[in-house]
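Written out below as structure tokens is the structure these notes cover.
The values are calculated or read from the model by the stated rules, or taken from the named source; none is laboratory data. The structure displayed is predicted, hence computed values, not measured ones. Positions of Cβ are backbone-derived with ideal geometry, glycine not excepted, and every protein chain shown enters the neighbour counts.
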Amino acid sequence: MRNLITDVAGIKVGSAHDPALASGVTALIFDAPATASIAVSGGGPGLRDAALLEPEMTVERIDALVLSGGSAYGLDSMGGVQSFLRENGRGLEVAGQLVPLAPGAILFDLANGGDKNFWGQPTYWRLGLEAAKAAAENFALGTSGAGYGATLADLKGGLGSASVVTEESFTVGALVAVNAVGQATIGDTRHFWAAPYERDGEYGGCGWPAAFAREHLVLQSKGVDPQNTTIAIVATDAVLTKPQAKRMAIMAQDGVARALRPVHAAQDGDTVFAAATGASRREADIFALTRLGAAAADCLARAIARAVYEATPLPFTGAKPSWRQKFGG
């Protein structure tokens, strides 16, 4: 186990970023078409091809999922991933043509200090293609890919991942780009909201504070500008239907709420995709599905904390400090 979403059989992940731009893209490529759905809880999502993931829609399986920085400009990244897939013979055959399906979501990182003078250039398309080409079982966390330019109210955000095996021996994993409006830590302390779900000291082993003070619950946020959104993917090797994947995505949103405060605000685009590769060749009954959803939520909470814990600061004046820069470790 790598403690990454790629512990789920049938998945590879690649990232690409531009340090000067201070933004990037992360692509999750399925070895074979996978069942997937989506749950959107934020008030300001940025999505491409998301409607086809709803259970009542005709398309049953997709080839990839994409997380990108760049706000609406980042929607170009899905085209770059599609190009990679098409070149490799992937896609839904329609009238003799291959149409790869690579839905995705974007976050806002246009105010993080990077050089955003990319107008007129297919920058995010290129980053999407590079991310897809880089897809592998191992990938970097922290200031990488879609999390490269991500921030929180008080700290540097980033790319995170985690995995677990359920009681039924299904593998579950999470991948997230954390660009939250609020905090992943409790007040001004080093302690993560996701502390109860930590495994093997994966984000410092700090636990919760000995006691909660009133000031710990005072909300900190980036302000009124929509400079945020946390976007994520959870996946399993179980065989799921689209309605079951939808339920898994809905339950996994609880992991965002366990690790960040506040969440699902009017200016957030908080989105969770859920996918099933079916590599285990075993179906999940209603009880196993409940445990899959609970495991996905826990994994996502852990992945969020890992994203912040592993991040490094951007080299710009006024850049948010990383967790390790601020608290050591």
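The condition (being within 22 Å of A235 (Cα to Cα), at pLDDT below 95 and out of contact with any Cys (no Cβ under 9 Å at 6 or more places or on another chain)) is satisfied by just one residue among L85, L92: L92. Within segment 170-202, being over 26 Å from T290 (Cβ atoms), under 22 Å from the mean Cα position of the chain (by Cα) and assigned to a loop (DSSP other than H, G, I, E, B) holds for N179, A180, V181, G182, A184, I186, H191, G201. Cβ-Cβ distances below 6 Å connect the following pairs, each with a first residue in segment 302-329 that is farther than 17 Å from V256 by Cβ, a second residue that is aromatic (F, W, Y) and modelled with pLDDT of 95 or more, and a separation of six or more residues or different chains: W323/Y309.
All of K156, K222 fail the test of being within 29 Å of P19 (Cα to Cα), in contact (Cβ under 8 Å) with a residue 40 or more places away in the chain, basic (K, R) and touching a Pro at 6+ places or on another chain (Cβ under 9 Å), apart from K156. Scanning segment 1-39 for residues that are in a helix (DSSP H, G or I) and either under 25 Å from R126 (Cα atoms) or touching a Leu at 6+ places or on another chain (Cβ under 8 Å) (or both) yields I5, T6. Residues that are under 25 Å from R48 (Cα atoms) and part of a loop (DSSP other than H, G, I, E, B) are absent from segment 290-298. Here segment 106-135 is the region considered, the condition is being over 26 Å from D31 (Cβ atoms) and of a type in the set (D, E), and the residue that is surrounded by the most Cβ atoms within 10 Å (Cβ to Cβ) is D109. Here G269 fulfils each of the conditions (1) modelled with pLDDT of 95 or more; (2) among the small types (G, A, S); (3) surrounded by 23 or more Cβ atoms within 10 Å (Cβ to Cβ) apart from (1). Would you confirm whether any residue within segment 46-59 is touching a strand residue (DSSP E or B) at 6+ places or on another chain (Cβ under 6 Å), surrounded by 20 or more Cβ atoms within 10 Å (Cβ to Cβ), in a loop (DSSP other than H, G, I, E, B) and among the hydrophobic types (A, V, I, L, M, F, W, C)? No: segment 46-59 contains no residue that is touching a strand residue (DSSP E or B) at 6+ places or on another chain (Cβ under 6 Å), surrounded by 20 or more Cβ atoms within 10 Å (Cβ to Cβ), in a loop (DSSP other than H, G, I, E, B) and among the hydrophobic types (A, V, I, L, M, F, W, C). If I filter segment 216-266 down to residues being more than 19 Å from G104 (Cα to Cα) and part of a strand (DSSP E or B), which single residue comes out as modelled with the lowest pLDDT? Taking the candidates together, the pick is R261.
Return the residue satisfying two criteria in turn: it lies in segment 91-118 and is in contact (Cβ under 8 Å) with a residue 40 or more places away in the chain and of a type in the set (D, E), and of such residues it is nearest to F316 (Cα to Cα). Selected residue: D115.
Could you tell me whether A72 is surrounded by fewer than 20 Cβ atoms within 10 Å (Cβ to Cβ), closer than 21 Å to V178 by Cα and without any contact (Cβ under 8 Å) to a residue 40 or more places away in the chain? So A72 fits the description; yes.
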